[in-house]
Structure formats: C-alpha cells, structure tokens
Amino acid sequence: RTLPRYEVWYGRDEPPVETHELRAGSVTAVLEGADLRHVRLGGVELAQRIYMAVRDEGWNTIPGTYSDFQLEIGEDRFRIGFTGRHRYQDIDYEWRATIVGDPAGTISYAMDGVTKSAFRYAKIGFNIHHPLPECVGQPYRARTPEGEITGTLPELIDPQRIENGTLTAMFAPYDSLTLTLKGGHPEGTRARFDFEGDLFEMQDHRNWTDANYKSYGTPLSVPYPIDAKPGQQLHQKVNVSVAKAPAELPQRPTELRVEPGRALGRGLPAMGVGMATHGGSLSPREADLLRKLRFDHVRVDLHLKDPSYPEELKRALETCRAIGAGLEPALFISRNAEEELTRFAALMREATAQGGASNVPVRQVLVLEEAEGFSTFRTMTPVYLVQLARTRLQDALAGAVFAGGTDQFFTELNRDWSQVEAADAIVYSLNPQVHACDDSSLMENLQGQVDTVKSTRHFSGERPIFLSPVTFIGRTGPFPAGPPDPGGLPGQVDVRQASLFGAAWTMGSIKYLSEVAAGSITFYETTGWRGIIETDAGSPMADRFPSTPGMVFPMYHVFADVAEWKEGELVQARSNDPIAVDAFAMRVRDTLHLLVANMSWKPQTVQVGPLEANQVKIRRLDEETAALATSDPDGFRQSFDSRAIEGGLLKLELFPYAVIRIDIEREAA
C-alpha cells in the first residue's frame with residue numbers, strides 16, 4: 001500500500017499537534033498541544049518545556065486527552081484554558097489548565113485537578129525543562145523551607161544518588177528558583193520560577209539522555225507510590241518571570257545556516273547493528289541489503305544462565321557471516337559466573353574450529369551483570385566480573401576488548417565510578433524517550449548523548465566508550481507514551497522507526513556521537529519493526545505499524561551513505577539552529593559529503609556554505625522520494641541531481657524531516 005503523507009513523516013496518520021505563537025510583553029512562547037515550549041526573551045531560552053504529567057507506580061507516563069480549549073491571544077498577552085484527562089486501568093485523573101501571560105512578561109501555568117478513582121501513582125504534577133545551552137555552569141539561587149541556598153549547575157552530569165534506599169535530587173526542595181542564564185550580557189539574564197501547591201526539586205535529566213535539567217513537583221523524599229482516593233483535589237502552579245534582563249539581548253537567527261567547519265582528524269566510530277529479537281534467519285535479499293551497510297559488528301544478547309542461549313549464538317554467527325560483520329556478544333552473567341563463562345568459551349572455540357575461512361571476529365565483549373527490570377539500582381559491572389570474563393575468555397577470543405558498564409541508562413554508571421579500572425572500555429545504552437515521547441523532545445534530546453560521552457570520558461580516561469544499543473525507546477521501560485495496550489504494539493516498538501523522522505534522528509545521533517569521538521555505536525536491530533529494513537514477511541501488525549513487506553526504512557539510506565564514506569575523515573558541521581536543521585559532514589579524498597536534515601515537521605529554508613565549488617550533486621530523501629527510497633533502494637541511491645550555486649552558498653527548501661545528501665567535489669586550481 002502507499003503510505004499516507006503523515007505516516008511517511010513520522011509513522012502516525014494524523015496531522016501535527018496544533019501550535020500557537022504566544023507573547024507576554026517581551027517574552028515569547030509556543031503552545032504545542034497542552035505543553036508550553038520555548039519560553040524565550042529574545043534569543044535567550046528561559047524554559048525549554050513546561051508540562052503536566054501523570055506517572056503510574058511503574059513510572060510509565062499516562063497519556064492525556066485534551067478538550068474544551070479556550071484561547072484568548074493578544075499582541076502582548078494571552079489567556080488559555082483547557083481540560084485534561086488521564087485514564088488507564090485504575091487511573092482516572094482530570095484537571096483544568098489555566099495559562100496566563102501578561103504585558104509585564106510573566107507567564108503562569110496552573111493545574112487544578114481531581115482524582116476520579118482510587119489508584120496508585122508515582123508522580124502527578126508539573127515538569128519544567130531548563131535548557132542546557134543557557135544553564136550549564138551557571139549560578140542558581142533557591143528558596144527552601146530552611147532558607148536560601150546558592151550554587152552552580154554542573155557541567156559534568158550530576159549523579160542521581162541513592163541515600164538510605166531513597167533517590168535524591170541535586171539540591172534541597174524549593175518553592176522559588178532563580179537561574180542566571182547565559183546570553184546577552186556578562187552577568188547574564190535571570191529567570192525566576194515560583195511554585196505553588198508543592199515543593200519542587202531538580203534533577204540532571206542528562207542521566208537519562210534528556211537534554212535539560214528538570215524541576216518537578218513532589219520531592220523524591222516523599223515515599224512513593226502514592227495512594228489516591230476518589231475526590232482528592234490537587235493544585236500546582238508555576239510562574240515564570242524575568243528577574244533581570246540586560247539592555248541588549250541576542251536574537252534568534254532569522255535565516256537558517258549550515259556551515260562545514262574544520263576537519264576533525266579522525267574517522268567514524270566502529271558501527272554495528274543489533275540482532276533482530278523477532279527470531280529467524282535473514283533471507284538472501286535481507287542479507288544483501290544489510291551487507292551494503294558495511295557494519296563492523298552485530299550485537300547479540302546472551303543470557304548465560306539460559307540453557308537455550310547457544311541457539312541464539314548460532315543464529316548470530318550466521319547473521320555475521322551473511323552480512324560480513326564481526327560479533328559483539330553482550331554477556332549477561334549470573335552468580336554462576338565461572339561455570340557460565342567456561343561453557344561460553346568452549347562454544348566459541350567450537351565455532352572457531354567449524355568456521356574455517358568464514359570465521360567471525362569478536363573485537364569487543366560486553367560484560368554485564370544479569371538483572372531484571374528497567375531500573376536495577378545497580379552501578380557498573382563489578383571489577384571481579386570483568387576480570388573473570390577476561391581471564392576465562394581471552395584465549396578463545398584473542399585480541400577482544402572487554403567492556404564493563406550497564407545495559408541500562410547512563411545514570412546507573414554515574415552513581416559510582418569506582419569499578420571503572422577493571423574495564424578495557426565502558427558501555428551503556430541510549431534512547432531519547434525515557435520521560436517524553438513527543439517528536440520535539442526526541443530531537444532536542446540528541447544533545448544529551450554528547451554530554452553522557454563527555455562525562456564518561458572524564459571518569460574513564462582514554463578508555464573507548466561503546467554506546468550499545470542506541471534505540472528509539474527503552475527496551476524494558478518505562479514507556480513515556482503509556483504502558484503497552486493489551487493486543488497493541490509492544491512497548492519497545494515505535495512507529496517512527498519506519499519514517500523520515502527515523503532517518504533524520506538517526507543522522508543526528510551518528511553526527512553527535514561521531515563528533516564527540518565515541519569508540520563504537522550499535523544501532524537498532526537488523527530487520528523488523530525495531531530494525532533498519534522490514535522483513536520479507538512484513539509487520540505482524542500491519543494495521544498498527546506503517547510498513548510494507550520487504551520495505552527499506554528511510555534510515556537505511558543514512559547508514560548506506562555513511563558506509564560509503566567509511567574511509568573518510570569527519571568534518572565539523574555547524575548549524576545556527578540545530579533544533580530546526582542539523583547536518584553531518586565527511587571528506588573522502590577530494591569530495592566533501594554533507595547530510596542536511598530538517599529536524600521538524602515544518603518546511604524549512606536553509607543556506608548551506610560557504611562551499612568551494614560552483615556545482616554540487618544532491619539527492620533528496622523526503623515525502624516526494626520516500627516511495628522510491630523504500631521500495632527500490634538501489635534506484636533511489638542513483639537519483640542525484642546537479643545544482644549550480646552562486647557565491648559559495650546553496651539554498652535548500654526542506655520538506656518535513658527531509659534528509660538531503662550533498663556531494664561537493666573540490667575544484668582543480
């Protein structure tokens with residue numbers, strides 16, 4: 001079938017969320033559905049996002065439905081009201097929103113709600129995302145019940161510590177917070193946040209790859225889950241104001257620009273792909289498509305306490321041989337470590353003996369402690385386990401690097417770095433939607449990937465950093481789009497996997513992790529709805545997951561482009577507004593290659609340059625070419641157009657979530 005336009009964009013056959021531009025005096029904001037986003041004074045962002053969330057006792061976010069909107073939007077003021085309701089199983093919560101902006105530049109967002117049933121929950125209340133570019137390394141002042149406190153927001157990611165079995169915040173709970181933001185003046189711009197109805201506290205959201213600091217209501221010191229009774233009323237309110245503004249403020253760019261920068265003096269990280277969790281072997285067609293992506297390795301999860309894991313190992317080795325890649329075994333080791341590692345070593349020796357000329361290299365081993373659940377409250381792999389794995393396996397896996405870390409979030413590592421010395425490399429997983437599932441947040445959170453690598457390097461020194469796996473959504477929860485519905489898509493499946501959104505986001509992830517010098521990146525799975533291409537059989541829920549049998553997902557072409565440039569050198573690519581348009585660049589011999597992506601659903605115009613050429617070749621991956629790209633990948637990959645440019649600048653019109661490849665050959669002197 002031909003996919004509808006919106007499904008091509010982002011996997012959902014529905015128009016974008018309605019937005020409204022708002023102004024309160026000199027402060028601007030955007031209402032996106034029920035969220036207040038990009039609260040700005042000139043070019044300085046005061047708050048990235050303000051929204052109300054209901055989290056169940058397992059920390060899944062319960063989606064809301066919104067109705068009865070009342071909008072009064074003037075030139076320098078506004079008043080907005082609507083009703084929100086969150087229902088899932090026992091949970092039933094209704095609230096009335098009132099958002100007001102006045103000519104003096106103050107914006108307030110109030111929530112008055114009532115519980116409609118008896119249920120248990122972890123959190124109900126406001127979340128305020130404080131933007132990293134304005135806040136990192138900047139002073140704060142907070143009013144707490146014990147008095148005023150001051151400090152500086154950290155550049156390295158602040159750990160979420162555990163004290164006496166309780167999760168902690170960055171500092172004491174407060175009812176007023178003043179942040180001195182970068183931009184506009186050496187003394188900065190001061191944004192003030194005043195809260196009603198509850199004490200708020202802050203956590204460093206980068207621990208979960210969210211690119212912000214977050215203020216949230218109801219401190220973690222209050223025991224959870226909380227029992228709600230029918231008829232309980234809840235009230236919260238946040239006021240945002242400018243406590244001090246400089247006379248001159250930076251302004252947002254009026255014209256989008258992408259500029260190739262300096263050569264970085266290194267190539268791509270090792271890149272791999274995960275084994276398909278749906279089982280089965282690759283068809284010849286699937287293997288041929290994946291072989292063209294030139295992956296360095298295939299990750300396979302092996303739970304060594306499971307007596308059936310040798311079959312999964314066998315399937316992984318077959319996959320590696322079929323696509324010409326090495327193996328990245330992720331070994332989940334239980335208390336019977338000696339016995340489990342001895343058995344695995346014997347299996348690998350046997351596989352090597354039988355492999356002959358088609359033997360599969362193992363360049364890196366992920367040593368992980370067996371655990372269950374999305375948050376295990378564990379730290380990184382214990383020293384003894386990494387040392388034991390190296391001792392038992394180094395003969396069978398000659399030359400392999402043994403990585404220690406976590407299969408969970410960066411926060412698990414960041415609680416305790418004392419185990420780092422045993423590992424040859426550090427490993428952890430990444431996904432952009434632990435707390436938020438909307439399109440804008442996923443794109444914004446790409447910057448959080450960079451900060452996790454920088455913080456890891458601070459503690460691990462020169463050890464390589466392996467990001468494995470990188471996925472759109474956590475594999476074991478929590479699920480910010482809500483718990484999986486019975487009979488619906490699994491919680492680990494995101495319909496954006498098969499969309500242009502997936503291609504643009506993947507380009508951004510490769511860009512940032514490559515530019516920050518990650519050692520290895522393992523993305524997604526080979527095939528299926530968590531993969532890079534659809535299986536020959538097609539989706540088992542074709543009515544819910546927008547794909548066709550044998551379809552090549554748009555992200556395939558991002559990987560294929562990068563594979564072509566594998567022997568090249570990374571080049572810095574700068575955007576003056578990366579939330580709108582971003583870019584990735586590499587030089588291969590005398591040709592500069594660029595991928596330029598629209599990171600939003602809004603059409604964009606961007607100037608690319610300066611470029612040292614009078615003519616370039618371009619290929620568009622967008623809503624007009626998606627049908628060709630997904631059904632005839634070889635034909636699409638040859639579909640270049642030539643463009644003449646003047647003055648070294650190339651003007652591009654970008655459709656929603658488009659990814660444009662540009663090849664610029666250096667002209668002879």
So Glu567, is it touching a strand residue (DSSP E or B) at 6+ places or on another chain (Cβ under 8 Å), modelled with pLDDT under 95 and either part of a loop (DSSP other than H, G, I, E, B) or surrounded by fewer than 22 Cβ atoms within 10 Å (Cβ to Cβ) (or both): no
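Can you list the strands (runs of 3 or more DSSP E) lying wholly within region 1-76 that have 2 or more residues being in contact with a Lys or Arg (Cβ under 8 Å, 6 or more places away or on another chain), among the charged types (D, E, K, R) and within 26 Å of Tyr657 (Cα to Cα)? Working first, answer last.
Details: elements: 19-24, 27-32, 35-41, 44-56, 64-73.
Once the strands (runs of 3 or more DSSP E) in region 1-76 are filtered for at least 2 residues that are in contact with a Lys or Arg (Cβ under 8 Å, 6 or more places away or on another chain), among the charged types (D, E, K, R) and within 26 Å of Tyr657 (Cα to Cα), what remains is 35-41.
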Kindly provide the set of residues from region 611-624 that are at pLDDT 95 or above, open to solvent by 10 Å² or more (accessible area, probe 1.4 Å) and part of a loop (DSSP other than H, G, I, E, B), ordered by number. Glu623, Glu624
Per the filter on region 119-133, residues over 22 Å from Phe479 (Cα atoms) and either modelled with pLDDT under 95 or surrounded by fewer than 18 Cβ atoms within 10 Å (Cβ to Cβ) (or both) are Pro133
Being in contact with a strand residue (DSSP E or B) (Cβ under 7 Å, 6 or more places away or on another chain), more than 30 Å from Ala498 (Cβ to Cβ) and surrounded by fewer than 19 Cβ atoms within 10 Å (Cβ to Cβ): is that true of Glu45 here? no
State all residues of region 533-564 that are aliphatic (A, V, I, L, M), buried (at least 22 other Cβ atoms within 10 Å of the Cβ) and either within 26 Å of Arg266 (Cα to Cα) or modelled with pLDDT under 95 (or both); if no residue qualifies, say none. Met555, Val558, Val562
Determine which member of the set Leu652, Leu595 is part of a strand (DSSP E or B) and touching an Asp or Glu at 6+ places or on another chain (Cβ under 7 Å). Leu595
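When you check Ser639 against the structure, is it under 14 Å from His557 (Cα atoms), among the polar types (S, T, N, Q) and not in a strand (DSSP E or B), yes or no? Steps first, please.
On the way: under 14 Å from His557 (Cα atoms): yes; among the polar types (S, T, N, Q): yes; not in a strand (DSSP E or B): yes.
Criteria met by Ser639.
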Taking only pairs six or more apart or across chains, which ones have beta-carbon atoms under 7 Å, a first residue in region 396-412 that is over 15 Å from Gln449 (Cα atoms), and a second residue that is charged (D, E, K, R) and open to solvent by less than 20 Å² (accessible area, probe 1.4 Å)? Thr406/Glu412
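Which residue, of Asp577, Asp582, Asp663, Asp634, is assigned to a helix (DSSP H, G or I) and among the charged types (D, E, K, R)? Even if it seems obvious, please write down each step before you answer.
Working: Asp577 fails: assigned to a helix (DSSP H, G or I); Asp582 fails: assigned to a helix (DSSP H, G or I); Asp663 fails: assigned to a helix (DSSP H, G or I).
Selected residue: Asp634, the only one of Asp577, Asp582, Asp663, Asp634 that is assigned to a helix (DSSP H, G or I) and among the charged types (D, E, K, R).
Residue by residue, here is whether (1) more than 29 Å from the chain's Cα centre (by Cα); (2) at positive phi holds:
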| site | (1), (2) |
| --- | --- |
| Asp92 | yes, no |
| Ile124 | no, no |
| His130 | no, no |
| Gly137 | no, yes |
| Ala142 | yes, no |
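Looking at Leu22, Leu36, can you tell me which residue is more than 22 Å from the chain's Cα centre (by Cα) and open to solvent by less than 10 Å² (accessible area, probe 1.4 Å)? Talk me through it step by step, then tell me what you get.
Numbers: Leu36 fails: more than 22 Å from the chain's Cα centre (by Cα).
The match here is Leu22.
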Residue match in region 96-114 (condition: open to solvent by less than 40 Å² (accessible area, probe 1.4 Å), in a strand (DSSP E or B), of a type outside the set (A, V, I, L, M, F, W, C) and over 16 Å from Lys237 (Cβ atoms)): no
What's the total number of residues in region 598-610 that are open to solvent by less than 50 Å² (accessible area, probe 1.4 Å) and either assigned to a strand (DSSP E or B) or modelled with pLDDT of 95 or more (or both)? 7
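Mind counting the residues in region 9-59 that are more than 30 Å from Ala629 (Cα to Cα) and aromatic (Phe, Trp, Tyr)? Let's see the steps before the verdict.
As a first pass, look at region 9-59 and keep what is more than 30 Å from Ala629 (Cα to Cα): 19-59.
Filter again for aromatic (Phe, Trp, Tyr), leaving 51, 59.
Summing the residues that are more than 30 Å from Ala629 (Cα to Cα) and aromatic (Phe, Trp, Tyr) in region 9-59 gives 2.
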Tell me yes or no: at least one residue of region 442-463 is assigned to a helix (DSSP H, G or I), among the aromatic types (Phe, Trp, Tyr), closer than 22 Å to Ile660 by Cβ and in contact (Cβ under 8 Å) with a residue 12 or more places away in the chain. no
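How many residues are part of a helix (DSSP H, G or I) and in contact with an Asp or Glu (Cβ under 7 Å, 6 or more places away or on another chain) when one looks only at region 129-140?
The initial filter retains those residues of region 129-140 that are part of a helix (DSSP H, G or I), namely 132-135.
Cutting the leftovers down to in contact with an Asp or Glu (Cβ under 7 Å, 6 or more places away or on another chain) gives us 134.
Qualifying residue count for the region: 1.
The values are calculated or read from the model by the stated rules, or taken from the named source; none is laboratory data. Please read all numbers here as calculations on a predicted model, not as lab measurements. Positions of Cβ are backbone-derived with ideal geometry, glycine not excepted, and every protein chain shown enters the neighbour counts. Just so you know, the surface numbers come from the protein's heavy atoms only, side chains and all, with ligands and any DNA or RNA stripped out. Shrake-Rupley method; radii C 1.70, N 1.55, O 1.52, S 1.80 Å.
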